[in-house]
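Chemist: One structure, pasted below without further comment.
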Amino acid sequence: MLQDAIDLQNEAVKKLIELSKSDKKEITFKAPTGSGKTYMMANFMNQVLSENDEVIFLVTCLSKGGLAKQNYDKFTEYSNDGDFTKIDPFLISSEFANEETPHIDDNHNVYILPKDLFKKKSILFRGIFEAFLSNITKDNIFGAKGKRIFLIKDECHISIKRIDNLIDKYFDRCFNFSATPKLSKRQVPDVEITNEQAEQVKLIKHVEIGDENASVDDVVNKFEEIKSQYRNLLNINPCLIIQISNKNKSDDELEEIKRVLNKSEHVDLKWMYIVEKEKECDTNDQVKFKNSKVEKWKDLAKNNSSTIDIIIFKLAISEGWDIPRACMLYQMRQSRSKQLDEQVMGRVRRNPRLKDFEDLTSEAQNLAMTSWIWGVVPESLHKSYYVELKNLDNKITNEFKVKTTRLKNLGEEENFDFVAFLKTCNQRVVNKNIFESYRKLKTSSNDVRKIFNNFVDSYDKYFEYTNNLDEISKQSKNFKCEYDKCMEIVKDNYNYDIEFSLPIESYFLDNEHYIDIEKWVWKRKDNSNKFSFDSEAEKEWAMKLLDLISDDVNNNKRIGKFVEDENKEKIYLLAKNYMPNSDIKFEYYLGGSNSNFSYPDFVMKDCYNRIHIFEVKSINFSNQLNNSIDSDLYENKVNEFKKMYKYSSFLTKQIFYLPIKKEDNWHIFKYENGIEEVINYSQFKDFVKNKNNI
C-alpha cells in the first residue's frame, strides 16, 4: 500500500480523534466508497479505546446490504491480526427479533447493530435495547462510573428515527460516516477525504464514462477485452456489473442481457442475477452456486479468483457488498431516467491490488486504477476542485470576522416559567399508557426532548409532561418562530460572542456558470483561476460584486477593502462562502420538528470595514421545477430567510442582503440594524459607496 494512502487515512483519523475531544456533539466524516472507510473507522475506535477505557462504541449499520456482518468480520479480523487490538467487537444478532428474552453481552467495547433490528416488530426495541444503554451509562452501586457511548452511524445518509431519538439521552458523541452524507440533515463534513484525494493516492479508481449509446453487446465485448488484460497483468478475474430497473421493464432488460450472453462468443462467461427475493435470484454457474444460499453467492463473488464474470442487479442494491475486482458498471438505457447512485458507482472504484500496488508494473497500475461506467453522469461525478485561502500570514482570516446566530430552545428562555406554563394546560396528570406516551415523546422534536430531560425527575412529572406533550410542542414551535425571543449570537463557553472566519480549505463542485477570478481571497490548488457557481443567478451576482469592489471612488479609493500579497498585488476581501468546513451559517426555523441552517453565498468587506453578507435567490423557475409545491416551498423558505436575516442584522450589526432575481431584474432586500429596505442594484451601489451610511 502506498505511503501517501496511509498518510491520507491517518490524517483523517487524527482529525476525528481531535474532534472527539472537542465540545462538538455531532461529527461527520465523508469519504468515497473504496477509500478504506471501515479501516479508518476501526483505527479511530482503537485509538479512542487505547486512551479511554470509559468509552464504548455502538456502530449502527443502516444499509440494505449485509453491512453489519461485514463490519463485524472486518473488526474481528483487524483485532485478531494485531492491527487494532483494543477493539473487542460484538454483533447484535438479528435473530433476537424472534426471541422472547434476547441478551446483549456487556463485556465488549464495540457493538454492531444491523438494520434488521430497526424493524417495527423487533423485540429489541421493546425496552431491551434501551435498558442495555441505560445499564452501561449509569454509575453502579460500587461507585464505578458509567460508560460514555460514542455512536457511529455507518451510511448515515439513511435516516433511522429509532436511533436518532436516543442520541441526546444516551450518546456522548455521534459520528456520521458516509460517502454521501446529507446536507439537508446538517451532515456537513467536518473531516473529508475527497474523490480527488483518494484517486491521487490510488485508493480508488479513475472513472471513464462510456458512450451513452452503447448497447449490452458493446459493453460485453469491451469486458471480454478487459478480462484478458486483467488476468495477464493483475492475475485477477474482473467483474462487470449490470444494473437494471426496479419496475416491470426489468424482465425485458434481463431477457436482453441473457440474449447477449447466450451468443456463442460469450458462452464461457459466468453470470449471476441478484435481487432481494432469494427465490428470484439466478445463475448459469450450476456447479458452484446453484445449490448454495444467495449469501454464499455474494461471499464467493467477492474473491479476486471468483468464476463469476457478470453480476446483474436492480437499482435498489447499493451498499454493503464490496467487490474490489469489479471494474465496469453498465446501466441499462431504459433505466437512465435516474442518475447513477454514488454508492452503486463505488462498487467498481475500489483498488483490487491496494496492498501490493507499488509492486505492479506501470501498465498494470494504470489498468488497476481505471473503471468504466455507462449511464447518466451523476452530479456526484461533476469535477470538484479544492480551494484554499490566500491567507498571507492570517491577513484574510483576521479581516473576516463574522458573528453568526442560533436559535435557543424553549427551555433556555430565562423568562419562561415552565412549571407555570404546565398549570395553564388542559390535561391533568393521569396514568395513560406508558408505552404510548413514551413513543409519542420519542417522535417529538429535539427541543421538546431536551426540555423533558431537564424537567422530569419523577413519575408524576413524567406523566404531567407527556400528557401535555401536544401543548408543549405547540409552545416550543411558537417560540422558535419568534426570533426576537429565541435568536442569539453564537457564544463560547465564557459567554463571549464568537467571530468566525472563512475555512482555510474547502472545495466546490463544477456546476458550470464559470468566471475567471484572480483578485479575491480564494485560490484553486491546481492554480487555475476558473471558478464555478451554483446557478446562473449566483454567477451574475458574483460578477456584479467583483465589478463593484474594483470600482474607483473618490480619489482612487476603492469600495472593496483589499490586502496586498508579497508582490504588492491587491486581493479584494470578497469570498464565496463554500459550505464544506464553513462555520458562517445562520439558524432558522421552517416548521416541522427541527430547525435548519442557511450558509450565505458571499461575504464582502468594504473599505469602511463593514461586513456585507449575501444570500442569492432566483424565482425564474425552470419548467421542471415550476409547479405549485416547489414554488410554495421556495417562497416559504425565502420569507423565512427575510425574517431570520432581519433579526440577525439587529443582533450582529452586520449588513445582510437577499438579492432576488425575477426575470431580468434584481430586487434586493437589505437588512441593517433590524430594518428591512427593498432596493434595486443602483441603490445598492450608492449605499456601499457612501461613507455617510456608516
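The values are calculated or read from the model by the stated rules, or taken from the named source; none is laboratory data. Keep in mind it's a predicted model, so treat the numbers as computed, not measured. Here the Cβ positions follow ideal geometry from the backbone for every residue, glycine too, while neighbour counts run over all protein chains shown.
Chemist: Does Leu354 satisfy the criteria of being modelled with pLDDT of 75 or more, assigned by TED's automatic domain parsing to the domain that holds Asn237 and within 27 Å of Asp154 (Cβ to Cβ)?
Modeler: yes
Chemist: Do the conditions hold for Lys298, that is, is it assigned to a helix (DSSP H, G or I) and of a type in the set (D, E, K, R)?
Modeler: yes
Chemist: Please go through segment 651-678 and pick out each residue that is farther than 19 Å from Asp606 by Cα, of a type outside the set (Asp, Glu) and surrounded by 13 or more Cβ atoms within 10 Å (Cβ to Cβ).
Modeler: Passing the criteria: Leu651, Ile660, Lys661, Trp666, His667, Gly674.
Chemist: Within segment 234-266, track down each residue that is basic (Lys, Arg) and loosely packed, with under 13 Cβ neighbours inside 10 Å.
Modeler: Lys247, Arg259, Lys263, listed by residue number.
Chemist: Pairs needed: first member in segment 300-320, more than 16 Å from Glu256 (Cβ to Cβ) and not assigned by TED's automatic domain parsing to the domain that holds Lys270; second member anywhere, surrounded by fewer than 22 Cβ atoms within 10 Å (Cβ to Cβ) and modelled with pLDDT under 85; C-beta distance under 9 Å; at least 6 residues apart or different chains.
Modeler: Listed by first residue and then by second, the contacts come to nothing, as the list is empty.
Chemist: What's the number of the condition Glu276 fails, among (1) within 23 Å of Gly66 (Cα to Cα); (2) in contact with a Cys (Cβ under 8 Å, 6 or more places away or on another chain)?
Modeler: So Glu276 meets the others, but not (2).
Chemist: Still on this structure, please answer the following. Output the number of residues of segment 237-256 satisfying the condition of being more than 17 Å from Val344 (Cβ to Cβ) and in a helix (DSSP H, G or I).
Modeler: Going through segment 237-256 one residue at a time, the tally reaches 5.
Chemist: May I pose another question? State which residue pairs qualify: first residue under 12 Å from Pro324 (Cα atoms) and inside segment 346-371, second residue of a type in the set (Gly, Ala, Ser) and part of a helix (DSSP H, G or I) in any location, beta carbons under 8 Å apart, and separation of 6 or more residues or different chains.
Modeler: Asn351/Ala368; Pro352/Ala368; Arg353/Ala364; Arg353/Ala368; Leu354/Ala5
Chemist: Please give the strands (runs of 3 or more DSSP E) falling wholly within segment 467-516 in which 1 or more residues are at pLDDT 90 or above and farther than 30 Å from Lys423 by Cβ.
Modeler: On the way: elements: 487-489, 505-509, 514-516.
In segment 467-516, the matching strands (runs of 3 or more DSSP E) lie at 487-489, 514-516.
Chemist: When the residues of segment 174-220 are filtered to those that are among the small types (Gly, Ala, Ser) and surrounded by fewer than 21 Cβ atoms within 10 Å (Cβ to Cβ), which remaining residue is modelled with the lowest pLDDT?
Modeler: Ser184
Chemist: Tell me whether segment 142-164 contains one or more residues that are hydroxyl-bearing (Ser, Thr, Tyr), modelled with pLDDT under 80 and in contact with a Lys or Arg (Cβ under 8 Å, 6 or more places away or on another chain).
Modeler: Restricting attention to segment 142-164, the residues satisfying the condition of being hydroxyl-bearing (Ser, Thr, Tyr) are 159.
Now narrow it down to the ones that are modelled with pLDDT under 80: 159.
After this cut, where a residue has to be in contact with a Lys or Arg (Cβ under 8 Å, 6 or more places away or on another chain) as well, the list is 159.
Scanning segment 142-164 turns up at least one residue that is hydroxyl-bearing (Ser, Thr, Tyr), modelled with pLDDT under 80 and in contact with a Lys or Arg (Cβ under 8 Å, 6 or more places away or on another chain).
Chemist: Now for a different question. Report whether or not Asn71 is touching a helix residue (DSSP H, G or I) at 6+ places or on another chain (Cβ under 9 Å), crowded, with 22+ Cβ neighbours inside 10 Å and part of a helix (DSSP H, G or I).
Modeler: Yes.
Chemist: Kindly provide the set of residues from segment 357-390 that are touching a helix residue (DSSP H, G or I) at 6+ places or on another chain (Cβ under 6 Å), at pLDDT 85 or above and polar (S, T, N, Q), ordered by number.
Modeler: Ser371
Chemist: Do you know which of the residues in segment 9-37 that are among the β-branched types (Val, Ile, Thr) and at pLDDT 90 or above is surrounded by the most Cβ atoms within 10 Å (Cβ to Cβ)?
Modeler: Thr28
This table checks each residue for (1) more than 23 Å from Val563 (Cβ to Cβ); (2) in contact with a Pro (Cβ under 9 Å, 6 or more places away or on another chain); (3) surrounded by fewer than 16 Cβ atoms within 10 Å (Cβ to Cβ).
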| residue | (1), (2), (3) |
| --- | --- |
| Thr466 | yes, no, no |
| Ser473 | yes, no, no |
| Asn495 | yes, no, yes |
| Leu502 | no, no, no |
| Lys519 | no, no, no |
| Ser528 | no, no, yes |
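Chemist: Being of a type in the set (A, V, I, L, M) and out of contact with any Ser or Thr (no Cβ under 9 Å at 6 or more places or on another chain) is the filter here, so list the residues in segment 240-266 that pass it. Write out each step before concluding.
Modeler: Start the filter on segment 240-266 by keeping residues that are of a type in the set (A, V, I, L, M), which leaves 240-242, 244, 254, 257, 260-261.
Matches in segment 240-266: Leu240, Ile241, Ile242, Leu254, Ile257, Leu261.
Chemist: Out of (1) of a type in the set (Ser, Thr, Tyr); (2) closer than 18 Å to Arg325 by Cα; (3) touching a residue at least 60 places away in the same chain (Cβ under 8 Å), what's the single condition that is false for Tyr273?
Modeler: Result: Tyr273 fails condition (3) only.
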